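A short write-up of the structure that comes next.
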Amino acid sequence: MCGTDGPALPAANGGAASRPATRSNPYQPVGDYLSNVGRFQIIESTLREGEQFANAYFDTAIKIKIAKALDEFGVDYIELTSPAASEQSRLDCIEICKLGLKAKILTHVRCDMRDAQLAVETGVDGLDIVIGTSSFLREHSHGKDMVYITKTALEVIEFVKSKGLEVRFSSEDSFRSDLVDLLSLYSAVDKAGVNRVGIADTVGCASPRQVYDLVRTLRGVVSCAIETHFHNDTGCAIANAFCALEAGATHVDTSVLGIGERNGITPLGGLMARMVVTSPEYVESKYKLSMIKEIEDLVAEAVQVNTPFNNPITGFCAFTHKAGIHAKAILNNPSTYEILNPEDFGLTRYVHFASRLTGWNAVKTRVGQLGLTMTDDQVKECTAKIKALADVRPIAIDDADSIIRSFHLSLQNGQNETNAQNGAENAVTA
Ligand code: HCA
Ligand code: CU
């Protein structure tokens with residue numbers, strides 16, 4: 001696996017014998033007592049952040065279906081839209097709490113006593129409380145100052161705890177908030193006994209290094225768990241979540257396919273791809289990876305989108321190998337060009353054999369799959385025919401299969417003897 005136990009590097013003097021047979025990889029991460037990459041928890045927010053996605057409309061039945069699927073997959077928490085949002089949201093919250101899922105059920109509410117009162121009556125296990133702390137949001141959204149925010153936060157936290165429920169306190173737009181304000185607020189809520197504090201990159205502005213710095217600083221200030229929430233406006237949502245865990249965060253918010261406000265947040269599947277490479281044992285023992293495709297399909301259909309072609313794990317070409325050089329190595333040993341094993345996700349790889357980049361090893365495999373027999377020289381000649389057509393126009397699998405079959409037929413009819421003897425001196429590589 002990448003960054004863990006990669007192959008031994010050749011010795012600098014070129015003489016491997018002078019080195020021990022197994023060497024540690026210099027790129028291996030150093031042991032880090034802060035890092036939680038091998039013991040994180042997921043707060044799955046498809047039914048809260050995901051409902052803020054432009055296309056999302058979840059009726060009660062689909063919410064229940066999604067919640068059950070996420071629960072079976074193994075997420076630790078399921079976060080639901082605030083019961084203060086609408087009457088149906090409140091009723092759905094009550095309904096999902098009654099399902100008796102293994103995952104804890106949270107609802108996400110403003111830092112406001114009336115919202116909290118409504119939420120604690122729904123049967124949830126905990127409340128995720130949020131308020132904007134950046135000057136942008138303080139001036140242009142709720143208009144409250146830090147003194148008011150701290151006072152209200154402490155009241156709401158006290159109230160939720162008095163009901164015996166979990167409580168998390170988070171600042172919206174954490175990365176554009178004043179650091180001293182943020183740390184004093186978090187220190188106060190930590191002392192008040194909050195279960196988690198949350199960092200939210202509401203506008204997706206943070207870079208992995210900024211995330212690492214902020215989470216690491218916060219880790220030194222509070223003793224409670226640290227939840228993190230990353231929007232994907234600049235494409236950093238997975239990397240930011242990973243860096244947050246490295247810096248000592250304990251929980252990551254996700255949504256299926258990353259759906260959420262604007263272009264969304266850290267996607268569940270993409271985060272799994274990242275984490276299974278880093279911490280295979282933890283991830284494989286905890287999460288049912290073979291369900292990722294079915295969960296993504298369920299949500300994609302519910303919100304009427306297609307899974308992006310380049311989605312980690314489930315994008316249509318995530319396990320497709322095309323160039324001859326890649327195909328040859330993959331056919332010998334899939335680890336050559338795959339860091340993820342499609343079988344871990346109940347998927348299969350596909351070796352492309354219908355393009356101008358195709359090499360004869362891929363064609364040879366296809367010949368075998370079609371139940372035909374050819375010598376290597378014959379396969380090379382057949383490959384040259386596929387490449388010649390692919391130089392003229394894009395070709396489909398059926399085109400390549402037809403060329404293979406008719407070439408094979410002509411061999412059987414003896415028409416190709418001379419050609420075959422001449423071998424494939426054409427431009428056939430790999
Ligand atoms: C939003 C709120 C939020 C909250 C995140 C959190 C954000 O703007 O809709 O509770 O940690 O991105 O700030 O989703
Ligand atoms: Cu958000």
Fully extended contour minus Cα-Cα distance, from residue 187 to residue 413, at 0.36 nm per residue: 73.0 nm
Length released on extending from residue 348 to residue 158, taking residue separation times 0.36 nm less the Cα-Cα span: 63.3 nm
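In the chain, what percentage of the DSSP-assigned beta bridges are antiparallel, given to the nearest 5?
Antiparallel bridges make up about 5 percent of those DSSP assigns within the chain.
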Label-zone membership for segment 35-51, site residue 288, 7 angstrom Cα→C-beta point, backbone N under 14 Å: none
Most positive-pole-ward Cα, 267, 37, 122, against dipole of the chain from beta carbon charges: 37
Within segment 348-370, backbone nitrogen closer than 17 Å to the virtual label 7 Å beyond the Cα of residue 338 toward Cβ: 348-353, 362-363, 365-366, 369
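With +1 on each Lys and Arg Cβ and -1 on each Asp and Glu Cβ, how big is the dipole of segment 268-373 about its Cα centre, in debye rounded to the nearest 20?
Details: 10 positive and 9 negative charges, 115 e Å.
Computed charge dipole of segment 268-373: roughly 560 debye.
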Charge dipole (debye, nearest 20) of the chain; +1 at Cβ of Lys and Arg, -1 at Cβ of Asp and Glu: 820
Pairwise FRET efficiency - residue 221 versus residue 94, Cβ, R0 = 41 Å, nearest 0.05: 0.65
Per-residue Cβ neighbour rank within 10 angstrom, fewest leading, 337, 77, 287, 186: 337, 287, 77, 186
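Counting only C-alpha contacts under 8 Å and six or more residues apart, can you give the relative contact order of the chain as a whole percent? Could the numbers behind the result be given before it?
Details: 760 pairs, mean separation 56.4, N = 430.
The normalised contact order for the chain reaches 13 percent.
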Under Karplus coefficients 6.51, -1.76 and 1.60, residue-wise ³J(HN,Hα) of segment 395-403 in Hz, glycine/proline x: 10, 9, 3, 4, 4, 5, 4, 5, 4
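To the nearest 500 deg cm²/dmol, what mean residue ellipticity at 222 nm is calculated for the chain from DSSP H runs of n ≥ 4 alone, each contributing -39,500 (n - 2.57), summed and divided by the residues? Write down the numbers at each step before the final one.
On the way: 16 runs with 178 residues, N = 430.
After summing the helix terms and dividing by residue count, I get -12500 deg cm²/dmol.
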Relative contact order %, segment 320-417, counting alpha carbon pairs below 8 Å whose residues are six or more apart: 26
Extension gain, residue 234 back to residue 389 (0.36 nm per residue minus Cα-Cα distance, nm): 51.7 nm
Greater than 19 Å apart at Cα, pairs in 322/364; 63/104; 102/286; 104/151; 293/364; 102/293: 104/151; 293/364; 102/293
Dipole of segment 277-395, positive end: most advanced residue of 306, 331, 360 [Cβ charges, Cα centre]: 360
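Quick note: the coordinates plus some simple rules give every number you see, no bench work behind them. Model, not experiment: these values are computed from the prediction. Positions of Cβ are backbone-derived with ideal geometry, glycine not excepted, and every protein chain shown enters the neighbour counts.
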